[in-house]
Amino acid sequence: MKKLLWLVFILLIGFIGLIYFSVSSTDKEFETATIKNFQDLKNIDFRQQDSVLVAASSLYETNRLKDIMQGENYREAWAMPVKVPVLFLDTLYGGMEIVKEGGGTQTHSLRLKDKDGYLYSLRSVNKDPSTHVPEFARSLGLENIIIDAISASHPYAALLSASLSEKAGVLHTHPKVVFVPEQDFLGKKYNEKYGNRLFLLEYETEGKKNWTGYENVDAILDTKHLQELKEKHTEKVSIDENALVRARLFDMFIGDWDRHAKQWGWVIQEKDDVFKAIPVAGDRDNAFFKLGGIIPGIISNKNIEPKVRPFEHEIDYMPGLVYPNDVYFLTNTPVEIFITEAEKLQELMTDEAIADAFKVWPKEIYELDGKEIAEKLKSRRENLVEYSKEFHRLITERELLNEPLKGSEDIEISPGLVKCFECRI
């Protein structure tokens, strides 16, 4: 018995030692994009350049031990230089106005407005997860486990998600990857944080101007303002259930597990004083989430962290993908709608459509990750009807909400509307 205990002790010490060797590869917590074709950025006139060769980040460089312990993930994609356009905000779409900084804890973002009143978001490709590192992890020197987990997200996931969304008939924000150099327009206040970085430029999921292809659009609202509209016009406001079910099944198709209420906007169509809300998904940072390695495998176990689901050939744990907003909006939606939308997605997402969607990626990125992701998409497509039935079952088995949706904590609505979108007091 003593020998067995000693063996377990030795193995435990060895495992801890491997963890520390793995996380000691870098002590950096954040790094911006790396420009490959220029050395002295301060003396470069980027207005003379229409594009630059840039790598999203070299922070996630690896070795064999790190691959085993923390996963191969998308490290090569982060380090791969790609050609992206240079963006100057004073001339973009006739000139931009900075409305405000975004409130994300990991993504640095600016909300912009053009001369015609359209709202855009400039969202950093590089993430800063340092605020999410628990104090005990810092005290133990293990903060790199949290920092390094960003490599499980694909730096160009949003581009592919949008391209696939177009094929699937799912509203999206039309993101583009751009390089924003330091520029007078940003001034001292913003240049240090936002200058010489890689961003996604996309439409905002709220605003008064209609950038979608829908007609009779009154506004694009976030979820909490949709709830306030429902409170004001209880009988006249409804959601497009088919569109929401398709959008949520599409989330599962691309493996986007982070879909809480603040990730959605709502296109409000008004006709004859009746309002219909059509969902538009934002923030595709976690689509195609590739989580490998011993440590992440332990952390993402369904019994430890059920919501962080890796993008595999099949969905491994459906309960982790059901959010309070699913119950809130879809609790009374019949299963037939789920099945119908799953079948439509299967029809739309042909092998040809999937292959064509990858054309938005640079060739270098497709050669790294394209084939693997495409095969997983095809595998998930075949199971969409089964996923839809299970998704519906889990929603109907959940209790109605007893607290506000994420992002809606500061609004005053009736107790019934807190429970679900079609609930009455």
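Bear in mind that the values in this text are calculations on the coordinates, not laboratory data. Keep in mind that this is a model prediction, so the values were computed, not measured. Here Cβ is always computed from backbone atoms with ideal geometry, including for glycine, and neighbour counts include all displayed protein chains.
Taking the Cβ of each residue in L400, L92 as the centre, tally the other Cβ atoms inside 10 Å and list the residues starting with the fewest.
By the 10 Å Cβ count, ascending: L400, L92.
Residues R246, R47, R393, ranked from the fewest to the most other C-beta atoms within 10 Å, line up as R47, R393, R246. Full extension of the chain between E399 and T91 gives 105.8 nm of extra length, using 0.36 nm per residue less the Cα-Cα distance. Restricting segment 183-253 to GluC sites (Glu not before Pro) that sit in a DSSP loop and have at most 13 other Cβ atoms within 10 Å of their own Cβ leaves E215, E235.
Kindly put S238, S124 in sequence by how many other C-beta atoms sit within 10 Å of each C-beta, fewest to most.
Ordered by Cβ neighbours within 10 Å, fewest first: S238, S124.
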